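Peer 1: Sharing a structure, written as structure tokens. Questions coming.
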Amino acid sequence: MSKPKKLSFADRLLGWFDVHGRHDLPWQSPRDAYRVWLSEVMLQQTQVATVIPYFDRFIKALPTLPDLAEADEDTVLALWSGLGYYRRARFLHAAAKQCVALHGGELPRDYDALAALPGIGRSTAGAILAQAHGLRFPILDGNVKRVMTRFHGIHGHPGQSAIEKQLWALADKHTPAARAADYTQAIMDLGATLCVRSRPACEECPMSVDCVAFRDDLTGQLPSTKPGKVTPTRQTVMLVLRDAQQRVLLERRGEQGVWAGLWSLPEALDSEDAWKAAERLARIDDARALAPFTHVFSHYKLKVEPLLFDEATAHAAIADNPRLRWCDTGDIAALGLPAPVRSLLQSL
DNA sequence: AACGCGGGGCA
DNA sequence: TGCCCAGCGTT
């Protein structure tokens, strides 16, 4: 006796959808390509609840694709007003005109022709073909990405091309030949109502029995967040000139750029430059490298190599420079210093 | 205040 | 190819 065959991803999802899915969205009835297209473009940027009134208003004013093509741009933009991403409204308008000019006033049923229209990429083309015509095409919007990364336990930011490729393959694998329209709506509904970004409702989710993220308690880590931009690393040598009274020479930074206006240490590009710079500031004869450290800014990292010049004797000339001053510990406490510089000086 | 959203456009 | 952008909603 053979075991009962395990339900496929699509079958389980569709079973849930029939009971709990959304069946009364305005673009579901009547479900034509123009309405699906409009809803998809609006939904690229905005959630269902917000989209509905905009969709209703838009479709009432411009009920068919030729109506949109003939409308003037101001009308289209006015109907879009409040949704943001106005370039999409312009693409929508331009695509409608192209459909009138090239495709008999209808959206093409051919994937390549559809994806060639402005504002329609792979996912939107798939959604239109699946939802309006029941054709087996996958979609990969934010909902599907979230469901796939969690269900399969895919680590790595979905924006990375390798991850995205993997997600497309999984989205395609799970898309059934039968009920393609319902499946497309079902997976979006799952992502929008249960498999939400924070605090997903796994207890109610029909897919959790086979979901890797649920099994391994990873729903909080998946999908992986966008990695911080690879920040460039810059280097600097900070000069710690200390005189016989243990005072340190501080230099006020310029008004532009990082740490603007703060008191900091004189800097040099490298250790060779550091000697020259130090000799301009004081009479010195000995240097000792201190422990280097890296300071992280939002947009770059700064590797700091501090160089200590002890027993420095100030040149008379620098006394006249208001941007330079010899400070003892008490002075330093009262001045605005960048945190890493303060910390460096305290460690001396 | 930071992040995410699909697709287009640019290096 | 990878990256930046748009404008608003969500967290």
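Peer 1: Counting just the residues of the range A:161-173 that are touching a Pro at 6+ places or on another chain (Cβ under 8 Å) and not small (G, A, S), which one comes out farthest from DNA strand B (Cβ to nearest atom)?
Peer 2: Only one residue fits best here, namely A:D172.
Peer 1: With more than 24 Å from the chain's Cα centre (by Cα) and either within 14 Å of DNA strand C (Cβ to nearest atom) or assigned by TED's automatic domain parsing to the domain that holds A:F137 (or both) as the only criterion, which of A:A169, A:A192, A:A162, A:A178 stands out?
Peer 2: Going through A:A169, A:A192, A:A162, A:A178 in turn, just one is more than 24 Å from the chain's Cα centre (by Cα) and either within 14 Å of DNA strand C (Cβ to nearest atom) or assigned by TED's automatic domain parsing to the domain that holds A:F137 (or both): A:A178.
Peer 1: If you go through the range A:107-137, how many residues are over 17 Å from A:A89 (Cα atoms), over 30 Å from the mean Cα position of the chain (by Cα) and of a type outside the set (G, A, S)?
Peer 2: Total satisfying the criteria: 5.
Peer 1: Out of A:P206, A:P223, I need the residue that is in contact (Cβ under 8 Å) with a residue 60 or more places away in the chain, within 13 Å of DNA strand B (Cβ to nearest atom) and part of a loop (DSSP other than H, G, I, E, B). Which one?
Peer 2: None of the others qualify; the one that does is A:P223.
Peer 1: Also: May I ask you to say which residue of A:W259, A:W275 is out of contact with any strand residue (DSSP E or B) (no Cβ under 6 Å at 6 or more places or on another chain), in a loop (DSSP other than H, G, I, E, B) and away from DNA strand B (no atom under 16 Å from the Cβ)?
Peer 2: Exactly one residue qualifies, and that residue is A:W259.
Peer 1: With modelled with pLDDT of 95 or more, away from DNA strand B (no atom under 13 Å from the Cβ) and within 19 Å of A:A127 (Cα to Cα) as the only criterion, which of A:L38, A:L68 stands out?
Peer 2: A:L38 is the lone residue from the list that is modelled with pLDDT of 95 or more, away from DNA strand B (no atom under 13 Å from the Cβ) and within 19 Å of A:A127 (Cα to Cα).
Peer 1: Of the residues A:T225, A:T193, which is at pLDDT 90 or above and more than 28 Å from A:L348 (Cβ to Cβ)?
Peer 2: A:T193
Peer 1: Of the conditions (1) assigned to a loop (DSSP other than H, G, I, E, B); (2) within 16 Å of DNA strand B (Cβ to nearest atom); (3) surrounded by 16 or more Cβ atoms within 10 Å (Cβ to Cβ), A:R31 satisfies every one except a single condition; which number is it?
Peer 2: (2)
Peer 1: Residues being small (G, A, S), assigned to a helix (DSSP H, G or I) and farther than 20 Å from A:R31 by Cα: count how many of those fall in the range A:54-97.
Peer 2: 3
Peer 1: Output the residues belonging to the range A:123-156 that are more than 17 Å from A:G191 (Cα to Cα), surrounded by fewer than 21 Cβ atoms within 10 Å (Cβ to Cβ) and of a type outside the set (G, A, S).
Peer 2: Within the range A:123-156, A:H133, A:L135, A:R136, A:H155 qualify.
Peer 1: Filter the range A:121-146 down to the residues that are in contact with a helix residue (DSSP H, G or I) (Cβ under 6 Å, 6 or more places away or on another chain) and in a loop (DSSP other than H, G, I, E, B) and list them by number.
Peer 2: A:G134, A:L135, A:R136, A:F137, A:P138, A:I139, A:L140, A:D141
Peer 1: Another question about this same structure. Among the residues of the range A:112-133, is there at least one that is acidic (D, E) and either under 24 Å from A:A192 (Cβ atoms) or more than 14 Å from DNA strand B (Cβ to nearest atom) (or both)?
Peer 2: no
Yes or no, residue by residue, for (1) assigned to a loop (DSSP other than H, G, I, E, B); (2) among the aliphatic types (A, V, I, L, M):
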site: A:E305; (1), (2): no, no
site: A:E311; (1), (2): no, no
site: A:I318; (1), (2): no, yes
site: A:P322; (1), (2): yes, no
site: A:D331; (1), (2): no, no
site: A:P340; (1), (2): no, no
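Peer 1: Does the range A:34-69 hold any residues that are polar (S, T, N, Q), surrounded by fewer than 22 Cβ atoms within 10 Å (Cβ to Cβ) and within 21 Å of A:P108 (Cα to Cα), and which are they?
Peer 2: A:Q44, A:T64, listed by residue number.
Peer 1: Next question. Please go through (1) touching a residue at least 40 places away in the same chain (Cβ under 8 Å); (2) outside the structural domain of A:D320 (by TED's automatic domain parsing); (3) among the hydrophobic types (A, V, I, L, M, F, W, C) for A:V248 and return the number of the only condition it doesn't satisfy.
Peer 2: Only one criterion in (1) touching a residue at least 40 places away in the same chain (Cβ under 8 Å); (2) outside the structural domain of A:D320 (by TED's automatic domain parsing); (3) among the hydrophobic types (A, V, I, L, M, F, W, C) is unmet by A:V248, namely (2).
Peer 1: Here are the criteria: (1) of a type in the set (G, A, S); (2) touching a helix residue (DSSP H, G or I) at 6+ places or on another chain (Cβ under 9 Å); (3) not in a helix (DSSP H, G or I). Tell me which single one A:S198 does not satisfy.
Peer 2: Failing condition for A:S198: (2).
Peer 1: Taking A:W326 as the residue in question, decide whether it is more than 45 Å from the chain's Cα centre (by Cα), modelled with pLDDT of 90 or more and surrounded by 14 or more Cβ atoms within 10 Å (Cβ to Cβ).
Peer 2: It is true that A:W326 is more than 45 Å from the chain's Cα centre (by Cα), modelled with pLDDT of 90 or more and surrounded by 14 or more Cβ atoms within 10 Å (Cβ to Cβ).
The values are calculated or read from the model by the stated rules, or taken from the named source; none is laboratory data. A quick note: this is a predicted structure, and the numbers were derived from the prediction, not measured. Backbone-built Cβ (ideal geometry, glycine too); neighbour counts: all protein chains shown.
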